[in-house]
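Below is one structure, written out as structure tokens; comments come after it.
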Amino acid sequence: MPQPDVVLFTTCIVDSVFPSVGRAAARVLERLGHRVSVARASTCCGQPAWNSGFHAEAARVARATLRDLSSLNDRVVCLPSGSCTTMIRVYWAEMFRLAGDEAAARQAEELSERVLEFSELVARSPLLPGRCARRVAYHRSCHMTRELGIIDQPTRLLQGLEGCRLVDWADDLCCGFGGTFAVKQPEISVAMADAKVRSLLDSDAEMVVGCDQSCLMHLEGRMRRLGVTLPVRHLAVVLDEAYAGAGR
Amino acid sequence: MTGDSLRARARPAVTDAGLNATVGAATRHLTTERIKAFEELANGEELRVSARSVRERTLARLPELLGLLADRVEAAGGKVFFASDGAEACRYVIEVARRRGAHLIAKSKSMVSEEIGLTPALERAGLEVVETDLGEWIVQLAGQPPSHVVAPAMHLNRRDIAGIFARHGAEGIGDEPTVLTAHARRELRRVFLSADVGISGCNFAVAETGTVCLVTNEGNGRLVTSVPPVHLAIMGMERVVGTWAELDLLVSLLARSATGQALSAYTTMVTGPRRPGEVDGPEEFHLVVLDGGRSAALGGAYREALHCIRCGACLNICPVYRQIGGHAYGSVYGGPIGAVVSPLLCGDEFRDLRLASSLCGACYQVCPVMIPLQDLLLQERRDAAGKAGRAERWLWRLWARAWGSSRVYRLSARVARWGARLLPGRWVPRWGAGRDLPHDPARWGRREKGRPGGA
């Protein structure tokens, strides 16, 4: 079956700070037979402003991304982020309406049907062989789990890797990032990360894996500060390495 | 930046390891019990949907139902007082107590009474007030407000409680829970038997019969409402339900959501005062129905917050509440629901509680009446945005202008990347105090700028 062409919207955080995640996501999708291009004129989904209550500003930024993604005909749009996918699929229409832009709201509704989170898209293909002999603590990011209901796909992909074992930990507890929450309430945000790290250390995990690089940046940043050196990886990176035969 | 007062209250809370352990253990326990209680039900999700529609229907006919409730309470021999605000409610209660020449008031748990500061008002009027719910009594002795809508002393462990009792005349009794509760029972028995007035809350009031329903686990509610010669119940006006069938649904969801019980140990129904020929019950029964910001909220964007039945499940699951406990909210109502209702019911000074959430959405999932708490918190943030400080508004405006253009975005992304690489993490305000900055050695290749995976 021919795979659909995919436009990768890397999201602002991956694009600007974690290019390796974007490159890994693209490689995994290509390995599955998709033709991948990157949405270069897209900037950000607007979530930071939206969650801070600045919907007009969020809409202004999102409009640039909407314009870009809508111009790509009916190709599947893939994001390596559960929360940015949620922003587009769940909140964009409401945001554009609040900003008084009905045309954009309709466009967003049309677009949302072909926007997929990375693990969601990858899990639609047959599993590829790969190896990752690690005990993995999988972090369930909030919006992906609760708003999109993407629950089984990432764990199925991980369990499909030879030698990979998922450990039991506070997997669905919020890590405390929460966008601007992380800087508006840094003390609470860090305390929430600590609760997560305590649970991690109580498990015998060798690696933390997640589907939202923003959560992972926050968790990893906290772990480094605490001197906890377990690797923290986006699922795309884990799959890319495993499929390339580089997983250990 | 806004939210600094919340920050100031949260700072000592997050570093208090004892508080963290106590609140963490209690909230995790209650959450586990709640999950078990819902697993027992074949149709837990359906019941939530039904409960939500019951609350919607009830609020849609609130004036009518309150009218019916008042008629039925009066028909049963009780008196009803509609208080437009807390001060009015307190004045009414004081008048009733004075008319009866009361000295001692026994109180069972009531969050509305906390909301309006009833106890301090009564004390200022020269009355002695004793809380008879164990948790409430403990925090009253400690001189603290309750820290949780269901478990007022959740933030205290048994050693803390033994210490509080010791400071109030019970030294050397140790910290065995059975001994501590026996002490409380002895002390409170005296209060039940000698109180001139009993004040209770009201979990629900059934309009069709004029019945006040109290959900407790200690039996103190039953004593407070039946032993003293006067019983005064106080309720928020949204607490009404139309029928006993609706009460049945809501009470069972309340108990399961709050403590994981199918029903609490005592579910007390009070309809009016003692009738001729009955051997016990109060001579007088008063129902105080408080507006206190509720009717204003009814017509606004936060209407659904009035669906709340105060089970505390959203507090228990909330990762923020678990870290900071109830007192850091600064309001009698903490947790996600507290962040939404406090500005509505307790004043504008609680508007910064909109920031006490990572918007993780766990609260909505456990709410028995499906209040979309994260949406309401977002709404609060939108409301506040217009009044935000000039710096924050300009920052977002600037950001929107920059990232609304992919060219400027690209430039700023490069700056961010180099910033993260070059800046020592600790220098970054608000982020760097607790977290390092990310470092990703990879970069988009020139060839990959159009097609990164295609190398």
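Evaluation of residue A:83 against the conditions (1) in contact (Cβ under 8 Å) with a residue 40 or more places away in the chain; (2) surrounded by fewer than 24 Cβ atoms within 10 Å (Cβ to Cβ) shows that the sole unmet condition is (2).
Scanning segment B:363-375 for residues that are part of a helix (DSSP H, G or I) and crowded, with 24+ Cβ neighbours inside 10 Å yields a total of 2. With respect to the stated conditions, residue A:42 is more than 15 Å from residue B:397 (Cβ to Cβ) and touching a Phe, Trp or Tyr at 6+ places or on another chain (Cβ under 7 Å).
Scanning segment A:198-213 for residues that are under 17 Å from residue B:439 (Cα atoms) and at the interface with chain B (Cβ under 10 Å from one of its Cβ atoms) gives a single hit, A:213.
Does segment B:340-351 contain any residue that is under 12 Å from the mean Cα position of the chain (by Cα), more than 9 Å from chain A (Cβ to nearest Cβ) and small (Gly, Ala, Ser)? Yes, some residue in segment B:340-351 is under 12 Å from the mean Cα position of the chain (by Cα), more than 9 Å from chain A (Cβ to nearest Cβ) and small (Gly, Ala, Ser).
Annotation: of all residues in segment B:319-344 being hydrophobic (A, V, I, L, M, F, W, C) and in contact with a Lys or Arg (Cβ under 7 Å, 6 or more places away or on another chain), the one that is nearest to residue A:198 (Cα to Cα) is B:328. The single condition from (1) among the aliphatic types (A, V, I, L, M); (2) in contact with an Asp or Glu (Cβ under 7 Å, 6 or more places away or on another chain); (3) without any contact (Cβ under 8 Å) to a residue 60 or more places away in the chain that residue B:14 fails is (3).
Does segment B:352-361 contain at least one residue that is more than 13 Å from the chain's Cα centre (by Cα) and over 27 Å from residue A:187 (Cβ atoms)? No, segment B:352-361 has no match at all.
So that you can scan it fast, the table gives a plain yes or no per residue for (1) more than 11 Å from every other protein chain (Cβ to nearest Cβ); (2) surrounded by fewer than 24 Cβ atoms within 10 Å (Cβ to Cβ); (3) free of Cβ contacts under 8 Å to residues at least 24 places away in the same chain:
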position: A:12; (1), (2), (3): no, no, no
position: A:57; (1), (2), (3): no, no, yes
position: A:67; (1), (2), (3): no, yes, no
position: A:76; (1), (2), (3): yes, yes, no
position: A:79; (1), (2), (3): yes, no, no
position: A:87; (1), (2), (3): yes, no, no
position: A:90; (1), (2), (3): no, yes, no
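Considering segment A:39-55, the residues that are in contact (Cβ under 8 Å) with a residue 40 or more places away in the chain and part of a helix (DSSP H, G or I) include one that is farthest from the other protein chains (Cβ to nearest Cβ), namely A:47. Picking from residues in segment A:18-38 that are crowded, with 22+ Cβ neighbours inside 10 Å and part of a loop (DSSP other than H, G, I, E, B), the one that is modelled with the lowest pLDDT is A:18.
Residue A:30 fulfils the conditions (1) over 21 Å from residue A:87 (Cβ atoms); (2) in contact with a His (Cβ under 8 Å, 6 or more places away or on another chain); (3) at the interface with chain B (Cβ under 10 Å from one of its Cβ atoms) except for a single criterion, (2). Any residue in segment B:100-111 that is over 23 Å from residue B:281 (Cβ atoms) and among the aliphatic types (A, V, I, L, M)? Checking segment B:100-111: at least one residue is over 23 Å from residue B:281 (Cβ atoms) and among the aliphatic types (A, V, I, L, M). Against the test of being modelled with pLDDT of 95 or more and within 14 Å of chain A (Cβ to nearest Cβ), the options B:37, B:102, B:75, B:25 yield a single qualifying residue, B:25.
Residues that are surrounded by 24 or more Cβ atoms within 10 Å (Cβ to Cβ) and either among the hydrophobic types (A, V, I, L, M, F, W, C) or out of contact with any helix residue (DSSP H, G or I) (no Cβ under 9 Å at 6 or more places or on another chain) (or both) within segment A:39-55 comprise A:44, A:45, A:49, A:50, A:54, listed in sequence order. Exactly one residue among A:182, A:191, A:195 is in contact with a Pro (Cβ under 8 Å, 6 or more places away or on another chain) and at the interface with chain B (Cβ under 9 Å from one of its Cβ atoms), and that residue is A:195. Pairs are defined by a Cβ separation below 7 Å, a sequence spacing of at least 6 or placement on different chains, a first member in segment B:379-403 that is within 7 Å of chain A (Cβ to nearest Cβ), and a second member that is of a type in the set (Lys, Arg) and surrounded by 13 or more Cβ atoms within 10 Å (Cβ to Cβ); the pairs so defined are B:381/B:354; B:384/B:351; B:384/B:354; B:400/A:60. When residue B:42 is tested against (1) under 29 Å from residue B:257 (Cα atoms); (2) surrounded by 13 or more Cβ atoms within 10 Å (Cβ to Cβ); (3) of a type in the set (Gly, Ala, Ser), exactly one condition is not met: (2).
Taken over segment B:251-279, the residue count meeting the criterion of being part of a helix (DSSP H, G or I) and among the aliphatic types (A, V, I, L, M) is 5. If the condition is being surrounded by 15 or more Cβ atoms within 10 Å (Cβ to Cβ), part of a helix (DSSP H, G or I) and among the charged types (D, E, K, R), then segment A:97-122 contributes A:97, A:120. Taking each residue of segment A:141-152 that is within 8 Å of another protein chain (Cβ to nearest Cβ) and under 15 Å from residue A:88 (Cβ atoms) and looking for partners that are modelled with pLDDT of 95 or more and outside any loop (DSSP other than H, G, I, E, B) with beta-carbon atoms closer than 7 Å, six or more apart or interchain, yields A:143/A:82; A:143/A:83; A:143/A:86; A:147/A:86; A:147/A:90.
The values are calculated or read from the model by the stated rules, or taken from the named source; none is laboratory data. These numbers come from a predicted model, not from an experiment. Heads up, the Cβs are rebuilt from the backbone with ideal geometry, glycines too, and the neighbour counts pull from every protein chain shown.
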